[in-house]
Amino acid sequence: MASEPTAQTCPGCGTTVDTTEAEPLARIACPNCGKKVRVERSFDHFIVVETLGVGGMGTVYKARDTHLDRFVALKVLRTDLGAEEDYSSRLQQEARIAAAVNHPNVVQVFDSGTDHGQFYVVMELVDRGSLDDLMALQPRLSEKKVLETGIQVVKGLRAAHRRGLIHRDVKPANIMFVDEHAAKIGDFGLASTATQRWETDRVVWGTPHYVAPERLSNQPEDFRSDIYSLGA
């Protein structure tokens, strides 16, 4: 699906600037006066406010839901990942399954859709940082913290597995904190379908330190693959 043209007016000279190919929140130069224009972008009724993180599958933004007047996390997939109609349908199906997982230790999926030619998923905003962030600040975590976090993530994975979901990308960046003690596992509904698509091209999708060995040898995966990654 091609993106519909988007444009903004340069605040410096009033020239219309084509922002169709630009990333949300990027700053591009006006072709007339050279002034930097910040790219404003909405995906349906979700207005992009801030970049939260960039990964292999796409970018996560903080966005405002104008219908419900609340902030959410908006994960926008790379254009090439959602371009095919069959693949987009599979992503929609995975998102629906993920939305059915309602558990205190799983980041809630609210909605999904396609706009500007890109598939997006709307999720609960959990903005107290990830385990990856915490590990960067504290190279050695206490045993209590590791056990406390690990047990909560296992509970979240168990709830998802009961719905038939295998995460396939359990890693510190996908373990989010609500506060000092409460952890949630996120990114369900995207990891499984995306990895399956890439691996049909004989490309192994995963984070080297955490990927389960059966994926490296193209063997079937089940819930134990997630447990392996969590242990790593």
Quiz item: Out of V76, I28, L216, whose Cα points farthest toward the positive end of the dipole of the chain (charges: +1 Lys, Arg; -1 Asp, Glu; placed on Cβ)?
Solution: L216
Quiz item: With every protein chain left in place, what is the accessible area per residue of region 15-154 in square angstrom, probe 1.4 Å?
Solution: 54
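Over 16 Å apart: what share of the alpha carbon pairs of region 98-182 falls there, rounded to a whole percent?
58
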Quiz prompt | Reported label for calculated percent of Cα pairs over 26 Å apart given [x] 51; [y] 42; [z] 34 | solution = [y]
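Hey, could you grab the Kirkwood Rh for region 1-126? Inverse mean 1/r over distinct alpha carbon pairs, Å, one decimal. Write out the running numbers ahead of the final one.
On the way: mean 1/r = 0.0640 Å⁻¹.
Computed over Cα pairs of region 1-126, the Kirkwood hydrodynamic radius comes out at 15.6 Å.
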Quiz item: For region 117-158, what does the alpha-carbon gyration tensor say about shape, rounded, prolate or oblate, given a ≥ b ≥ c as the root eigenvalues, a/c under 1.5 as rounded, and a/b over b/c as prolate?
Solution: oblate
Quiz item: How large is ³J(HN,Hα), in whole Hz, for each residue of region 115-131 in order, when computed from phi with the Karplus curve 6.51 cos²θ - 1.76 cosθ + 1.60 and θ = phi - 60°, using x for Gly and Pro?
Solution: 8, 6, x, 10, 7, 9, 10, 9, 10, 4, 7, 10, 10, 9, x, 10, 4
Quiz item: Percent of accessible area on the chain owned by carbon and sulfur, 1.4 Å probe?
Solution: 50
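Going by average Cβ neighbours within 10 Å, how do the peptides 213-223, 25-35 rank, with the highest at the top? Intermediate values should be presented prior to the final figure.
Working: 213-223: 12.0, 25-35: 13.5.
Most protected by this proxy first, the peptides run 25-35, 213-223.
The values are calculated or read from the model by the stated rules, or taken from the named source; none is laboratory data. In this text the structure is predicted, and so the values were computed from the model without any measurement. Neighbour counts are summed over all protein chains in view; Cβ atoms, including those assigned to glycine, are modelled from backbone coordinates with ideal geometry. Ligands, DNA and RNA are excluded from the accessible area calculation, which covers all protein heavy atoms including side chains. Shrake-Rupley method; radii C 1.70, N 1.55, O 1.52, S 1.80 Å.
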